[in-house]
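In what follows, a structure is listed as structure tokens, so that the remarks can point back to it.
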Amino acid sequence: RTKQEIYFEGDYSDAELEATRRLYAAEVRFVDEQVGRLLDELTAMGRDGDTIVVVVSDHGESLGEHDYWFEHGRHVYEATCRVPLVVRLPDDFEDRPTPGVRHGDVSLVDLVPTLQELLSWPSEPMHAPLSARGRSFVPLLLTDSEARGPVFSEKVDREELQRAVQAKAVRLGDWK
């Protein structure tokens, strides 16, 4: 079968689907363990007090939502658009926010301007193309404010046709 048939037919047995979910959960646990090792090593080296750690994914994964399996491509459903984003600031960071979950929407293009602000790096002309597309989410880290404006996402399929956009979405609060 072709890749498209495998991903979109949806004719998997319950046992195959459950096995895939278990494998995916194991993959998430493995990544969690590796991030833990990194944080432990930073502590052991005495570098946890001066290191910003960012863990993020480039996409989510669909495991049966909307009868859509094992792919993160053709649609802009929440399972594939919402991704984990963890920011760990150093313990001695000035104005360090209280750890916890934040609820406002951010985009991956917001990472560069956020890190520029956290590190007090100027937005120099050579960095302008990257930072100009995003907005710092430092205020969200500090106050858990939800009013941020629209967040855009798109699916670009590079296999079938070079840079052909198949789907775009705009999120503004609860609206998509």
**Asked** What's the extension gain from Leu172 to Leu108 if we count 0.36 nm per residue and subtract their Cα-Cα distance?
**Response** 21.5 nm
**Request:** Work out, step by step, the length gained on full extension between Asp91 and Asp50: first 0.36 nm times the residue separation, then minus their alpha carbon distance; give nm to one decimal.
**Result:** 14.0 nm
**Asked** If you wrap segment 26-90's Cα atoms in a convex hull and average its projection over all directions, what's the area in nm²?
**Response** 4.9
**Item:** Residue-by-residue Karplus 3J(HN,Hα) for segment 94-101, coefficients 6.51, -1.76, 1.60, Hz, glycine and proline x
**Value:** 4, 6, 4, x, 5, x, x, 7
**Fill in**
Env charge @ Leu38, Cβ radius under 12 Å, K,R +1 / D,E -1, value -2
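Each reported figure results from applying straightforward, stated rules to the coordinates on display, with no laboratory input. Everything numeric here is computed off the predicted structure, so don't read it as measured data. A quick note on method: Cβ atoms are made from the backbone with ideal geometry, for glycine too, and the neighbour counts reach across all protein chains shown.
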